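A short write-up of the structure that comes next.
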Amino acid sequence: MGEFNNNFILGCSAIGAGLAVIAGIGPGVGQGIAAGHAAAAVGRNPGAKSDVTSTMLLGQAVAETTGLYGLLIAMLLLFVKPLLP
Amino acid sequence: MGQGILLSAGADIDFMIHGVFSYELFGQTVWITTTHVCVLIVMLVITAFCIAANRAVKHASDVPGTFQNVVELVVEMLDKMIGGVMGKFSPKFRNYIGTIFIFILLSNISGLFGLRPPTADYGVTFAMGIMTFVLIHYNQFKYQKVKGVIAGLCDPWPIWAPINMIGDIAVPISLSLRLFANVLSGTVMLALVYALLSKIAIIWPAALHVYFDLFSGAIQTYVFCMLTMTYITNACTTDE
């Protein structure tokens, strides 16, 4: 197969996996914003702390999903190696 | 050749699912994997707890002992959580939600005890996503009738129906992928720490275990049950 052998494909898969986990930026920013607003809400109304915390955690976990999709792509590229012939 | 860089760093990186033994069923080779074994162990633990709890509640005393206290605490906590979200529908779904809550929680924290968490296998989480999907649509047809379901599909305009349908199908997939990817990431990270840093991984991985197994596992359990309850409550609620 010339120079496009398995090692080349594996190297490109590793680069692709690295690019895929950049998807983690979005959820990171989103979770930070959610946590900041939750902190502001607790500051305004300390009595509702438990409600605010559970709502924040639920929203953060849902926002995390897109980052996890990127992680899954990276895992597939690294360990299942679908691109190898 | 054919080995990834990560896999060649140490031969003992091990977080994949392994087959234990296989048998032939109707011409298909069916593998019994480590996931089955771990699910079985988790099930045995839950069953033992349930038998003990049943005995404790049968011989309940007015001044509860330690074990009876624990059982009452668990049941009250689950009832409060489910009642807070589902309201008047909670008596019907208490059993199901409580069961999957305890099962997912024990599965997630079974990584602490050296098992491979069963929820880090997409087969397990997808089965639970399918159960949620069936419950959502069964209850939607039961409470909103066919007319309500069609009205819900054509929500702003009838042209929106395919998009709403895709949204419905995405629910179990995103639910199960969320749980699966969270648990899998913890499993993979701990396996990498133990394999690549085996010389210096002495006591500090305990902190990672607390985060990935206990904290993340509990949060994801809560999120899975919370979303299941929210979707089911939405399906049960009629406009009137």
Can you say whether B:F15 is modelled with pLDDT of 85 or more, of a type in the set (F, W, Y) and either at negative phi or surrounded by 10 or more Cβ atoms within 10 Å (Cβ to Cβ) (or both), as far as the supplied structure shows? no
Restricting segment B:124-169 to residues that are modelled with pLDDT of 90 or more and small (G, A, S), the one farthest from A:L71 (Cα to Cα) turns out to be B:A127
Checking A:L19, A:L76 in turn, the sole residue that is free of Cβ contacts under 8 Å to residues at least 24 places away in the same chain, surrounded by 15 or more Cβ atoms within 10 Å (Cβ to Cβ) and not acidic (D, E) turns out to be A:L76
Expected single match for part of a helix (DSSP H, G or I), out of contact with any strand residue (DSSP E or B) (no Cβ under 6 Å at 6 or more places or on another chain) and more than 14 Å from chain A (Cβ to nearest Cβ) among B:Y231, B:Y143 is B:Y143
Reported set for segment A:38-63 where residues are within 14 Å of chain B (Cβ to nearest Cβ) and exposed (fewer than 12 other Cβ atoms within 10 Å of the Cβ) is A:S50
So, first residue on the phi < 0 side of the Ramachandran plot in segment B:205-223, second residue of a type in the set (D, E, K, R) and surrounded by 15 or more Cβ atoms within 10 Å (Cβ to Cβ), Cβ within less than 8 Å, six or more apart or across chains; the pairs are B:Q220/B:R178; B:V223/B:R178
Of the residues in segment B:195-218 that are within 13 Å of chain A (Cβ to nearest Cβ) and in contact with a helix residue (DSSP H, G or I) (Cβ under 6 Å, 6 or more places away or on another chain), the one that is farthest from B:L106 (Cα to Cα) is B:S216
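The values are calculated or read from the model by the stated rules, or taken from the named source; none is laboratory data. Model, not experiment: these values are computed from the prediction. Counting neighbours? That spans all protein chains shown, and the Cβs are built from the backbone with ideal geometry, glycine included.
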